[in-house]
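J.: Would you mind keeping the following structure in view while I ask a few things?
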Amino acid sequence: MNSKIKKCQNCSIKFTIEPEDLKFYKKIDVPEPTFCPECRMIRRFSFRDGMMLYKRKVEKFDKEVFSSIPSNSPYKVYHSDYWWSDELDATKYGKDYDFNKPFFEQIKELMYEVGLPHLSNIKPINSPYCGNVGEVKNCYWLFNAGFSENCAYGIDVHGCKDSYDLVTVNNTELSYYLFGCGECYQVFFSTECRESSNVWFSKNLVNCHNCFGCTNLRHKKYHIFNKPYSKKEYFKKLKEFNLGSYKSIIEIKEKAKELHLKFPNKYMIGNKNVDVTGDYLRNCKNAKKCFISRDLEDSSYCQMILFWPSKECYDITISGGELCYEMIVSGGYRTKFCWLNMPKDLKNLDAGHHNEEYVFGATNSHNLFGCVGLRHKQYCIFNKQYTKEEYNELVPKIKKHMNDMPYIDKKGRIYKYGEFFPPELSPFGYNETIANEYFPLTKKQAIEQGYNWYDKPKNEYKPTIKASNLPDNIKDVDDSILKEVIECDSSNCAGSNVFRIIPQELKFYKKMNLPLPHLCPDCRHRERIKQRNPLKLWKRQCMKKGCKTTFQTTYSPDRKEIIYCEKCYNEEVG
């Protein structure tokens, strides 16, 4: 079987469908994609809300709630406790399939009728200001997170406790301002550190303890800027840095950043991988062009598979399962083109879904096609119940009709059977989703490309103090700060330009001797994700003198970092 070259109907670039891709499409009985891998990814991302919540009223609920869906959305919105419960009987919206209208036009109407949950959270405890979380307790402003407690201001967080300002962090405790770290304890302002404790301003440490401003160390203790010290000298020197001062923190961060650039980086970030391409991968095998994932096998074009081991999956995002294709926030066995299907048991990795196509918002269901919000159902089409025989006879006819009468979106893109939901069906504006975080667009660009956009109302809160006027040292801060509305110190604020310090946050800063932040949570998040490489690959050559090894890397050629192949990196770093 030979590879095929196709032209993306969205961006018009040519892309290659490899022989192993063709085998997969044949195995799960879907046509070849007409969008390139990157456009398919962005299309899915446009259905995943990011770090935004809105205060609003919802159906059948007296109090206002914080929701990921603004009040001007055309969708009906219900409290998630009701919407995700068995009390919701979405079969009452069941209807016959209309062979006179395109499939996606009909499912859009069904989505409008059934509505949406105000949040997509699983068993949160005392965490109303979080989105897309599962089994979290006493958390605040946490998104895409699970099994964490007493954490705030983070995204892609798993198994963490008493930690703040996190991006892609797992199994970590009493830590602050981290990116890409795991199995850490009391680690601060650091990147890609593992199995380490009492570490500050460091990058890419493994099993290191009591290290400060270090890079690429393995199994070390009592090092400052990669220089070894005795235990006594180390702690004496540590006191001189005045870590409770915001001014000192800023100066040290800049110095550490400059020093990090002097050390080599491995062409990709990850470990325990076999035959993979992509970045931020862990314990993956035969994974092609996958990013920010772990426990993937025989899979391609997947992103953010962090909570569910997956095998033989293509084009899935924040999902998991086996033989799955083109999904976001879903999972199971042989599920395709699905969005926001909740697992039966997240903790025990029981998806409770199989053989579903074009299904949104289902739980514990099987053999569904074009359904919304069903609970414990099987053999349903457009929420209408059928016998097994009727279902198996009708589904092929609908697929044929999808090809004979395709949906054409407002940009003229053609959606036949085999395409994921058109972006214009998303309840979110492009700027409200993770798509804008990884592939930022202006309002004009987003609308020109056929995406929705949300115009945020002007902030109503007036600052009572400028961040630049905050006490420099945490020892000079008292509880009166909790009453202040602080003006963000960024001249180009990514958020609402003001923020507050919450009680548990202040308690954490005092306990860990950390100064108050001068940036709002949104700007702090933007600052951390600047460390994250893009979800794109370039072909490059190892920069170690004499090495001719080439590889695919997320470090673009114009970057300042020193990039090594794995062999050269391991020889130098270990």
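The values are calculated or read from the model by the stated rules, or taken from the named source; none is laboratory data. Since this is a predicted model, take the numbers as computed values, not measurements. All Cβ positions, even for glycine, are placed from backbone atoms using ideal geometry, and neighbour counts span all protein chains on display.
One line per residue, one yes/no per condition, for (1) assigned to a strand (DSSP E or B); (2) without any contact (Cβ under 8 Å) to a residue 40 or more places away in the chain; (3) not aromatic (Phe, Trp, Tyr):
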{"position": "279", "(1), (2), (3)": "yes, no, yes"}
{"position": "286", "(1), (2), (3)": "yes, yes, yes"}
{"position": "289", "(1), (2), (3)": "yes, no, yes"}
{"position": "299", "(1), (2), (3)": "yes, yes, yes"}
{"position": "305", "(1), (2), (3)": "no, yes, yes"}
{"position": "315", "(1), (2), (3)": "yes, no, yes"}
{"position": "321", "(1), (2), (3)": "yes, yes, yes"}
{"position": "327", "(1), (2), (3)": "yes, no, yes"}
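J.: Which count do you get for residues in segment 235-246 that are in a helix (DSSP H, G or I) and either farther than 20 Å from residue 516 by Cα or touching a strand residue (DSSP E or B) at 6+ places or on another chain (Cβ under 9 Å) (or both)?
T.: We begin by selecting, within segment 235-246, every residue in a helix (DSSP H, G or I); these are 235-240, 246.
After this cut, where a residue has to be either farther than 20 Å from residue 516 by Cα or touching a strand residue (DSSP E or B) at 6+ places or on another chain (Cβ under 9 Å) (or both) as well, the list is 235-238, 246.
Final tally of qualifying residues: 5.
J.: Sticking with this structure for a sec: If you take the residues of segment 336-345 that are assigned to a strand (DSSP E or B) and over 18 Å from residue 43 (Cα atoms), which of them is modelled with the highest pLDDT? It would help to see each step written out before you state the result.
T.: Residues of segment 336-345 assigned to a strand (DSSP E or B): 336, 339, 342, 345.
If we keep only those that are over 18 Å from residue 43 (Cα atoms) too, we end up with 342, 345.
Values: 342: 82, 345: 75.
Step by step, filter segment 336-345, then rank; the result is 342.
J.: Moving on to the next point. Quick check on segment 148-170. Is at least one of its residues surrounded by fewer than 23 Cβ atoms within 10 Å (Cβ to Cβ), of a type in the set (Gly, Ala, Ser) and not in a strand (DSSP E or B)?
T.: Within segment 148-170, one or more residues are surrounded by fewer than 23 Cβ atoms within 10 Å (Cβ to Cβ), of a type in the set (Gly, Ala, Ser) and not in a strand (DSSP E or B).
J.: Next question. Against the definition (among the β-branched types (Val, Ile, Thr) and out of contact with any Lys or Arg (no Cβ under 9 Å at 6 or more places or on another chain)), how does residue 42 come out, yes or no?
T.: Values: among the β-branched types (Val, Ile, Thr): yes; out of contact with any Lys or Arg (no Cβ under 9 Å at 6 or more places or on another chain): yes.
Yes; evaluated as a whole, the condition is true for this residue.
J.: Does residue 527 qualify as being out of contact with any Leu (no Cβ under 6 Å at 6 or more places or on another chain) and more than 16 Å from residue 151 (Cβ to Cβ)? It would help to see each step written out before you state the result.
T.: On the way: out of contact with any Leu (no Cβ under 6 Å at 6 or more places or on another chain): yes; more than 16 Å from residue 151 (Cβ to Cβ): yes.
So residue 527 fits the description; yes.
J.: Still on this structure, please answer the following. Test of understanding: among 161, 137, which residue is at pLDDT 95 or above, touching a Cys at 6+ places or on another chain (Cβ under 8 Å) and charged (D, E, K, R)?
T.: On the way: 137 fails: touching a Cys at 6+ places or on another chain (Cβ under 8 Å).
The match here is 161.
J.: Quick check, is residue 74 of a type outside the set (Asp, Glu), in a loop (DSSP other than H, G, I, E, B) and over 30 Å from residue 522 (Cβ atoms)?
T.: Details: of a type outside the set (Asp, Glu): yes; in a loop (DSSP other than H, G, I, E, B): yes; over 30 Å from residue 522 (Cβ atoms): no.
Taking the combined requirement at face value, the residue does not satisfy it.
J.: While we're looking at this one, here's another question. For residue 47, are the conditions met, namely being outside any helix (DSSP H, G or I), touching a Ser or Thr at 6+ places or on another chain (Cβ under 8 Å) and buried (at least 18 other Cβ atoms within 10 Å of the Cβ)?
T.: Here the answer is yes, as residue 47 does meet what is asked.
J.: Within segment 247-277, which residues are β-branched (Val, Ile, Thr) and in a helix (DSSP H, G or I)?
T.: First, pick out the residues of segment 247-277 that are β-branched (Val, Ile, Thr): 249-250, 252, 269, 274, 276-277.
Scanning segment 247-277 gives 249, 250, 252.
J.: Out of (1) touching a helix residue (DSSP H, G or I) at 6+ places or on another chain (Cβ under 6 Å); (2) small (Gly, Ala, Ser); (3) surrounded by fewer than 18 Cβ atoms within 10 Å (Cβ to Cβ), the odd one out for residue 71 is which?
T.: Failing condition for residue 71: (1).
J.: If you don't mind, another one. For segment 467-574, give me every one of the helices (runs of 4 or more DSSP H) that falls completely inside it and has 1 or more residues that are at pLDDT 95 or above and more than 25 Å from the chain's Cα centre (by Cα). Even if it seems obvious, please write down each step before you answer.
T.: On the way: elements: 503-512, 521-529, 566-572.
The helices (runs of 4 or more DSSP H) meeting that bar are 503-512, 566-572.
J.: Could I ask something else about it? Can you tell me which residue in segment 179-232 is farthest from residue 530 (Cα to Cα), limited to those that are part of a loop (DSSP other than H, G, I, E, B) and hydroxyl-bearing (Ser, Thr, Tyr)? Let's see the steps before the verdict.
T.: Narrowing segment 179-232 to residues part of a loop (DSSP other than H, G, I, E, B): 180-181, 183-184, 192-193, 195-196, 201-202, 204-205, 207-208, 213-214, 216-217, 219-220, 225-226, 229-230.
Subsequent filtering for residues that are hydroxyl-bearing (Ser, Thr, Tyr) retains 196, 202, 229-230.
Details: 196: 23, 202: 16, 229: 32, 230: 34 Å.
Going through the qualifying residues, I end up with 230.
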